[in-house]
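Okay, so here's the structure we're looking at.
The values are calculated or read from the model by the stated rules, or taken from the named source; none is laboratory data. All of these numbers come straight from a predicted model, not from anything done at the bench. Positions of Cβ are backbone-derived with ideal geometry, glycine not excepted, and every protein chain shown enters the neighbour counts. When the accessible area is computed, the model is the full protein with side chains, heavy atoms only, and any ligands, DNA or RNA have been set aside. Shrake-Rupley method; radii C 1.70, N 1.55, O 1.52, S 1.80 Å.
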Amino acid sequence: MPQITANGISLEYDIRGEGPETVLLIMGLGAQMTRWPDAFCDMLAGHGYRVVRFDNRDIGLSHKFEEAGLPDMAAVMGAVMSGQAPAVAYTLDEMAADAAALLEALEIEQAHIVGASMGGMIAQLVAADHGHRALSLTSIMSTTGNRALPPATPEALTALSTPAPNPHDDIEAYLAHGVKNAKIMGSPGFDFDEAAHRERSLSDVRRSYYPAGFMRQYAAILASPDRRPKLASLTLPVTVIHGEADPLVPLAGGEDTARSIPGAELLTIPGMGHDIPVPLYGQIAGAIAAVAARAREMP
C-alpha cells in the first residue's frame, strides 16, 4: 500500500475500484484501515465507486506522534469536566484536516465521506469544516459529542479502558483479550466467528502494533467539543447508521446525530452492536450507495 504526504504528515492509503466518484472510508479509535475489510471495500467498488481507505494519524503505517508522549488521561478528563481545554497532542479537527488533505493530495476534488465510530466523528467534521470536499456523509455507530447522552455500558467502558497484554510477550493472552472484548462490543444478533477475529487481530499485530496511538486518539475524542452546532449547518445528504444493541455508543448517539443534521436519514439495525458483522456488509454498502445517489440528485 502506498504513502502520501498530506497535512504535513505521511498517510498510508489504499484505493480499490475505478468508479467516477470516490468513497472515503475513515476508521475508528485505534483501528487500522484494514478494519475496513477487503470484502466490504470490494462490495462498495462493485456499486461503481473508487474506494479510498487510509490509516489515521498515529496508527497503522501512518505518521506516529512519538514525540508527544502518552497523554495524562486523568488530567484530560479533569480539564473536560471543569470546562477547560485539555492539553492533547492533536484534536479530531486536525484528524479531519488530514482526511481533507489526503483527498487534495490524491487530486480528488470531492468524495462521499464515510466514518465508523471515531471515524464518524471525523467524517462529521470533514463535512462541516471542509464541506467543499464532501458530496455526502455516512456516519456509522458514532455520536455528536453531546455530553448529556447516555454513556457506554460499564462492561464496554471496562473493555475500552483495560490495556491488552503485549502481544510480543504473550500473543495468546493478547488474542484471548481481543476475543473477550469483541464479544462485549459486538453484535448479539449475529454469530461471532472467533477464529476470524483471532486471525484479524494477529494480522493487525503483524502490520503494526502501536498502543500509544490509541491513547492519543482517545484523548483527542475526550477533548473534542459538542459537534451539534456544526452539524446543524450541514446541507448535504446524510445517512446515520447505528446498531440498536451498541454497548459502547448507545443508540441515542446515532439518534442525536440524525436529529442534529437537517434532512438526515437514520437507519437503525436490530442486533447490531459496535462492529459491522459480515452479514451486514451488503446492507451498509447499499445504504452508502443510496445516500451517494441522493447527492447526485441535488441541484
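So here's what we get for this one:
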read-out	value
Accessible area expressed per residue, region 135-177, with surrounding protein chains retained (probe 1.4 Å, Å²)	50 Å²
Heavy-atom accessible surface of region 157-299: percent carbon and sulfur, 1.4 Å	57 percent
For peptides 116-124, 261-269, 64-72, sequence by mean Cβ density within 10 Å, most packed first	116-124, 261-269, 64-72
Relative contact order for region 1-142, counting Cα pairs under 8 Å that sit 6 or more residues apart, in percent	26 percent
Expected 222 nm ellipticity per residue - DSSP helices of 4 or more, -39500 (n - 2.57), all of the chain, to 500	-12500 deg cm²/dmol
Magnitude of the charge dipole, region 52-195, Cβ model with Lys/Arg +1 and Asp/Glu -1, debye to 20	480 debye
Full-extension gain in nm, R228 to A75, via 0.36 nm per residue minus C-alpha separation	52.6 nm
Computed over the chain: relative contact order in percent, which uses C-alpha pairs under 8 Å that are six or more apart	21 percent
Given charges at Cβ of Lys, Arg, Asp, Glu: region 1-49 dipole, positive-most of P37, T22, S10	S10
Label point distance in nm, T158-I171, each placed 7 Å from Cα along Cα→Cβ	2.9 nm
When the convex hull of its Cα atoms is projected in every direction, mean area for region 102-234 (nm²)	10.1 nm²
Fraction of antiparallel bridges per DSSP, the chain only, in percent to nearest 5	25 percent
Solvent-accessible area per residue, Å², over region 191-299 with all protein chains present [probe radius 1.4 Å]	44 Å²
Average projection area in nm² (convex hull over Cα atoms of region 20-166, one quarter of hull surface)	10.4 nm²
Extension gain, Q110 back to L202 (0.36 nm per residue minus Cα-Cα distance, nm)	29.6 nm
Centroid-to-centroid separation of region 157-221 and region 7-41 [C-alpha atoms, Å]	20 Å
Charge tally in the Cβ shell below 10 Å around Q110, where Lys, Arg are +1 and Asp, Glu are -1, Q110 excluded	-1
Whole-percent pair-distance distribution, where bins are 10 Å wide, for the alpha carbons of region 1-83	17, 37, 26, 14, 6
Nearest-20 debye value, the chain charge dipole, Cβ charges on Lys, Arg, Asp, Glu	440 debye
For region 122-137, 3J(HN,Hα) per residue [Karplus equation, 6.51 cos²θ - 1.76 cosθ + 1.60, θ = phi - 60°, Hz, x = Gly/Pro]	5, 4, 4, 6, 4, 5, 7, 9, 9, x, 5, 8, 9, 8, 8, 9
Of D14, D191, D256, the one that fluctuates the most in a GNM where the chain has Cα springs shorter than 10 Å	D191
Sequence-separation-based contact order of region 1-64, relative, with Cα cut under 8 Å and 6+ spacing, percent	42 percent
Label-point gap, in nm, between F65 and Q84 - each point 7 angstrom along Cα→Cβ	1.9 nm
